[in-house]
Amino acid sequence: MKLVMCLECEDVVRLFPETPRWCQCKAVGGVYVDGVNAKVWGERAYVIGFLNSSLARAIKHRPDRADQGERFEAFVIPRESESIQMVPVPKSIKELCDGRIITE
Ligand SMILES: [Zn+2]
């Protein structure tokens, strides 16, 4: 699972397939183009990955009571990654999605 974090407003937004999403201040955003690859925009965007299997395990093992919650693996995706394409801030959703019709 990929998320984008905006260093301007500190919002963190989960990316969805074919539904572009923006942070609260609209400076950064992104969209999955398939199940793995995503387009991301914004100079102050950082892409975060959750290791899905680790998150699922943590949810399954959530303690009823404890001093700490169950941990899972997350990581900051490298500046250059095969699964992330940094693109200019889109002028329109149509431009972003290469002509496909997108509804939000
Ligand atoms: Zn922002």
| remark: Residue hits (region 19-39; surrounded by 16 or more Cβ atoms within 10 Å (Cβ to Cβ) and among the aliphatic types (A, V, I, L, M)) are 27, 28, 31, 33, 38
| Looking at region 40-89, which of the residues that are of a type in the set (Ser, Thr, Tyr), without any contact (Cβ under 8 Å) to a residue 40 or more places away in the chain and not in a loop (DSSP other than H, G, I, E, B) is surrounded by the most Cβ atoms within 10 Å (Cβ to Cβ)? | 54
| message | For region 1-33, which positions are modelled with pLDDT of 95 or more, over 12 Å from the mean Cα position of the chain (by Cα) and among the charged types (D, E, K, R)? | response | 8, 10
| Which members of region 1-34 meet the condition of being more than 9 Å from the ligand (Cβ to nearest atom) and more than 21 Å from residue 73 (Cα to Cα)? | 17, 18, 19, 20, 21, 30, 31, 33, 34
| Flag if residue 79 is away from the ligand (no atom under 12 Å from the Cβ), within 15 Å of the chain's Cα centre (by Cα) and among the charged types (D, E, K, R) | yes
| remark: With the first residue restricted to region 1-14 and required to be free of Cβ contacts under 8 Å to residues at least 40 places away in the same chain and in a strand (DSSP E or B), and the second required to be more than 9 Å from the ligand (Cβ to nearest atom) and of a type in the set (D, E, K, R), Cβ contacts under 7 Å at 6 or more apart or on different chains are 13/21
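The values are calculated or read from the model by the stated rules, or taken from the named source; none is laboratory data. This structure is a prediction, so every number in the text was calculated from the model and none was measured. Note that each Cβ is placed from the backbone with ideal geometry, even for glycine, and that neighbours are counted across all protein chains shown.
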